[in-house]
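See below for the structure under consideration.
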Amino acid sequence: MATIVQGTPEAVAEPVDYLNVSHTWKSWLFTTDHKRIAVLYLISITLMFVLGGAAAVAFRINLLSPEGVFSAETYNRLFSMHGIIMVFFFLVPSIPATLANFLIPIMIGAKDLAFPRINLLSWYIYVVGALFAIYAVVRGGVDTGWTFYAPFSSTYSNSYVLAAAFGVFIAGFSSILTGLNFIVTVHKMRAPGMTWSRLPLFVWSNYATGLIQVLGTPVLAITMLLLAFERIAHVGIFDPNIGGDPILFQHLFWFYSHPAVYIMILPGMGVISEIISCFSRKRVFGYNFVAFSSMAIAVLSFVVWGHHMFITGESMYSSIAFSILSFLVAVPSAIKVFNWTATMYKGSISFDTPMLYAFGFIGLFTIGGLTGLFLATLATDVATHGTYFVVAHFHYVMVGGMVMAYMGGLHFWWPKITGRMYSEAWSKFSALLVFVGFNLTFFPQFILGYLGMPRRYHNYPPEFQTLNVLSTAGASVLGLGYLLPIIYFLHSLKYGARAGNNPWGAAGLEWQIQSPPTTFNFDETPVVTEEAYNYGPVEEIVG
Amino acid sequence: MTQHIDSVKAYVGVFIALIILTFTTVYVSQLELGEFHIIVALLIAFIKASLVAWIFMGVRHSSKMTRLFVVAGLLWLGIMMLITFGDYTTRIWDYTPQPWSQKPTVGGVH
Amino acid sequence: MAETIVPVGHEPVGHEPPPEVTHLRHHFATTEQQLDASMLGMWTFLITEVLFFGGMFTAYAVYRFMYPAAFASTSVYMDVWLGGINTAVLICSSLTMAMAVRSAQLSRERPLVLFLILTMIFGTIFLVIKYIEWHSKWVEHLVPGFNFQYNEAPQYTHHAQILFFLYFCMTGMHALHMIVGLGLLTYLLIQAIRKVFTAYYFTPVEMIGLYWHFVDIVWIFLFPLLYLIGYHHPK
Ligand SMILES: [Cu+2]
């Protein structure tokens, strides 16, 4: 598996790596090392995930009884904060800012991202945005939902819309800078011999994500800005009383926010390609198709946004076009799912924890994707829009898909990031908990939505109670499944076994270097001579 | 590292062209062109913008990749406007439900 | 200062100082790679700017499509003279900016400083004229959300208010970009006086030049859209 030519690794007892090179606060807060910035991001988004998760726990408790536990206002603020934090402060930065930030330079054989200081700047911007969001929570929350629909958000809401919207506005710039950095890095920083057709699919999918971030996020920024002007000064741009059109807000918002769904899921798809290939010991089937399907998704994602607006005053003809285009975007996603399945065919499959998450991803993402087609169908959407069916659909994609991939990726690269191995038994157990808990939480919501239970209400008719209780029970299992990794990952930092450079016997440049890597990743710039995933015929695992 | 250095003549030429086009667009706006008014104004603006990009910003010496990026940016702006307008220009939908016995009417018949 | 506009953080520990002249940073292999990366990064940034302004242009287009008569009625308040002069001022500043980049390419230090100063002067003139315009709008009670009264054609009060909001929003965002640009030019000027830029290293001049021209292009579209609407309509 000699995919690179490089200098002999240092044979020192305690090798210097990016973690132990310096221990001061300053060396972390002013670092320009992409690996350290990835770790900073990892810590911050985990905190935000816990915060968003806590809101979810609270409103799931509320839904245990048909009358609800909290007041309607409190409930509205809980689900809004859950949505805003999870979407803008966890899902969007999750894989790009952590795993991809850490891995892209290494995977393409570079010393760092193209713009290391901009990378650090993006983390600071993220933190400032997050602080605004947290400020909104502390002052009393937001009740607009994560979509900030005008004119409710601009005129009628009595909550801290401005602080939250401003947080989203700021966090958007951190996302733009990350995307810009990835695009330029992939274009200009590849090692000799690392051609586009040799790029790992993880890099391809994050490149496509970068394009969406760069092209979409500025529109979110201006939308939030217009909303802020409207709320502060009542200028009327989204106010139907004076001829403003609230649907224009939705157009601008979804021009970003539909592609944003792919900002969240595409990096996850990249992770899954890496994991499936490694634990099947085979090259990804149809590499070119998987790579180009990422690009196709990036492009198509920008022409389907109107499927969120079928029941607004959007033109019927426009809706028909959006419906058809939304079906089209399912094609590249399906290509990926088929190719992953084909990769496993006749592979030498091992069932390590990352692979368990990958299995979970494929199944749950498929359900999430296919129910998306129900919602893209005009007539079906009229009935299911605004019900729990939609909630279940996007949680199957976002949590069942994206978070599964994120967890899988963390378990896959944890030994590389920290140099330590986590507990195998505990990690498999928690993967199981996540899978069971997830399905128990969200499958009942498909049925609830089908039966007509609307989303975003703090109470419901008594006949829906059984399914809601099931869902809450599932949520507690799911919560435990997310809590355990935090514990055993932290435990592994001190007590975990040394992982070695390549614990999985995986191909790829990141596994050829020391774990954890040194500050500049490579002693000498590697020269790439082989395609990605060069596993050859099924062979024994090299330790 | 190869640098292309444009002549002062080229820069001044573009400058003069831009000034002339500015006068033209003001002049043309005073003519009675009806619907074409906006088209002409945007066309002139587009020519001016292209001149700035092509000469001042050096797109004419830039790599294919840079040009692709420029075109992609404009294309995406086009996508946003075109598809949004797909909605606004076709919103009129005067469908009036009718009893079974009558034919449904579509398109403004009440 | 090779690739970033806002300098943040320090060099990594144990990092050797970059070559004095080329300012090559440690993670790049060659100066060409560094230059290419910076330029591609700048163009990518400009694309985000296109879409940022694009959101406002889309809103403008939608409302102009919905309320053409109301939009045309605002033309009496739009000062074509001031708008036109500002267009010319910006074109002048673009020329001097292009000449500044050219001077840097040729390692001509004094012309570089001179053209940078000229660019800044034109930029400042633009902002002063902009201020005069905004001030007169304020006096005429045309600022939505603060003192909007539309006496010209009362039946259009509401719809004209949307146009005036867009006018302030678009020209305001543009002016904000100008102010940022002036800040960047100040930075360039200081560096130029220190004789940092040579034919081997002038990436910041070139990048900020691109930014400046881009801001010019935005104005090139704003001018006809905001100032020349319905100019031909008889009052
Ligand atoms: Cu969507």
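The values are calculated or read from the model by the stated rules, or taken from the named source; none is laboratory data. All figures in this text were calculated on a predicted structure; none of them were measured in a lab. So basically every Cβ, Gly included, is an ideal-geometry build from the backbone, and we count neighbours across all protein chains shown. SASA here: full protein model, heavy atoms, side chains in, ligands and nucleic acids out. Shrake-Rupley method; radii C 1.70, N 1.55, O 1.52, S 1.80 Å.
Observations, loosely collected:
- Relative contact order %, chain C, counting alpha carbon pairs below 8 Å whose residues are six or more apart: 31 percent
- The mean sequence separation of alpha-carbon pairs under 8 Å and at least six residues apart, normalised by the residue count of the range B:7-60, gives a relative contact order of 44 percent.
- Lys/Arg +1, Asp/Glu -1 at C-beta; chain A dipole; positive extreme among A:Gly216, A:Ala233, A:Trp204: A:Trp204
- Residues with amide H under 5 Å from that of A:Leu113, placed H, sequence gap 5 or more: A:His34
- Rg to Rh quotient for the range A:278-418, alpha carbon positions, Kirkwood Rh: 1.04
- Residue among C:His27, C:His174, C:His135 with the largest mean-square fluctuation in a Gaussian network model of chain C, springs linking Cα atoms under 10 Å: C:His27
- Cα shape, the range C:37-228, gyration tensor, a/c 1.5 rule: prolate
- Sulfur and carbon atoms: percent of accessible area, the protein assembly as shown [1.4 Å]: 70 percent
- Neighbourhood net charge (13 Å Cβ-Cβ; Lys/Arg +1, Asp/Glu -1) for A:Pro151: -2
- All Cα-Cα distances of chain A, cut into 20 Å bins from zero to the largest, leave 22, 57, 20, 1 percent in each bin in turn.
- Cα-centred dipole magnitude for the range A:188-288, charges only on beta-carbon of K, R (+1) and D, E (-1), debye, nearest 20: 840 debye
- Pairs over the 25 Å Cα-Cα cut-off, from the set B:Lys9/C:Lys130; A:Lys282/A:Lys336; A:Lys26/A:Lys188; A:Lys188/B:Lys64; A:Lys35/C:Lys195; A:Lys416/A:Lys494: B:Lys9/C:Lys130; A:Lys26/A:Lys188; A:Lys35/C:Lys195.
- Label-point separation, A:Lys346 to B:His61 (7 Å along Cα→Cβ), nm: 5.6 nm
- For chain A, size of Cβ-based charge dipole, Lys and Arg +1, Asp and Glu -1, in debye: 360 debye
- The equivalent ellipsoid of the range A:429-492 has semi-axes of 29, 10, 8 Å, largest first, where each one is the square root of 5 times an eigenvalue of the Cα gyration tensor.
- FRET efficiency, 1/(1 + (r/R0)^6) with R0 60 Å, evaluated for A:Ile61 and C:Arg110 via beta carbons: 0.25
- Taking only alpha carbon atoms, the range C:61-125 gives an Rg to Rh ratio of 1.30, where Rh is the Kirkwood radius.
- Distance between modelled label sites at A:Val469 and B:Trp54, nm, 7 Å Cα→Cβ extension: 7.4 nm
- Residue-averaged 222 nm ellipticity for chain A, from DSSP H runs of 4+ at -39500 (n - 2.57), nearest 500: -21000 deg cm²/dmol
- Whether the range B:7-60 is rounded, prolate or oblate, judged on the alpha carbon gyration tensor where a/c under 1.5 counts as rounded: oblate
- Mean per-residue shielding of peptide A:292-302 is 1, counting Cβ atoms of other chains within 10 Å of each Cβ.
- Judged by the gyration tensor of its Cα atoms, with axes a ≥ b ≥ c, the range A:239-328 is prolate; a/c meets the 1.5 cut and a/b is the larger of a/b and b/c.
- Each Cα pair under 8 Å and six or more residues apart adds its sequence gap; the mean of these over the residue count of the range A:39-93 is a relative contact order of 51 percent.
- Full-extension gain in nm, B:Ala17 to B:Phe46, via 0.36 nm per residue minus C-alpha separation: 9.1 nm
- Angle between chain A longest axis and helix A:72-84 axis [Cα atoms, degrees, rounded to 10]: 30 degrees
- Within a Gaussian network of chain C (alpha carbon springs, distance under 10 Å), most fluctuating of C:Glu206, C:Glu32, C:Glu109: C:Glu32
- Cα lying deepest toward the dipole's positive end in chain A, options A:Phe374, A:Leu91, A:Val21, charges on Cβ: A:Val21
- Rounded to whole numbers, the Karplus 3J(HN,Hα) couplings from phi for the range A:256-261 are 8, 6, 6, x, 4, 4 Hz, using 6.51 cos²θ - 1.76 cosθ + 1.60 with θ = phi - 60°, and x at Gly and Pro.
- Dipole moment magnitude, nearest 20 debye, the range C:37-228 about Cα centre, only Lys, Arg, Asp, Glu C-beta charged: 500 debye
- Separation between Cα centres of the range A:100-152 and the range A:9-84, rounded to whole Å: 11 Å
- Solvent-accessible surface of protein heavy atoms, probed at 1.4 angstrom with all chains present, puts C:Leu176, A:Leu64, B:Leu21 in the order C:Leu176, A:Leu64, B:Leu21, largest first.
- Note, ³J(HN,Hα) from phi for the range C:177-189, Karplus 6.51, -1.76, 1.60, rounded to Hz, x at Gly and Pro: 5, 5, 5, 4, x, 5, x, 5, 5, 4, 4, 4, 4
- When chain C is treated as a Gaussian network with alpha carbon springs shorter than 10 Å, the biggest mean-square fluctuation among C:Pro68, C:Pro154, C:Pro111 belongs to C:Pro154.
- Look at the dipole of the protein assembly as shown built from charges on Cβ: of A:Tyr41, A:Ala358, C:Phe28, the Cα furthest out on the positive end belongs to C:Phe28.
- Placed amide H near A:Arg420: partners under 5 Å, 5+ positions off or other chain: A:Ala499
- Cα-projected label distance for C:Gln33 with A:Ile486, points at 7 Å along beta-carbon direction, nm: 4.0 nm
- Taking GluC sites (Glu not before Pro) in DSSP loop states with no more than 16 other Cβ atoms inside 10 Å as exposed sites, chain A has its longest site-free stretch at A:68-523.
- Counting only aspartates and glutamates at least 8 places from C:Lys137 when in the same chain, those with an alpha carbon closer than 13 Å to its own are C:Asp79.
- Cα-based helix-to-principal-axis angle, C:80-105 vs chain C, degrees rounded to 10: 10 degrees
- Amide hydrogen neighbours beyond the local backbone of A:Val527, cut-off 5 Å, H modeled: A:Val5
- The residues of chain C have, on average, 38 Å² of accessible surface per residue, using a 1.4 Å probe with all protein chains present.
- Sorting the segments A:344-356, A:239-251 by their mean number of nearby beta carbons within 10 angstrom, highest to lowest, gives A:239-251, A:344-356.
- The string of couplings for the range A:233-246 from the Karplus curve (6.51, -1.76, 1.60, θ = phi - 60°) is 10, 6, 6, x, 5, 10, 9, x, 4, 10, x, x, 10, x Hz, one whole number per residue in order, with x for Gly and Pro.
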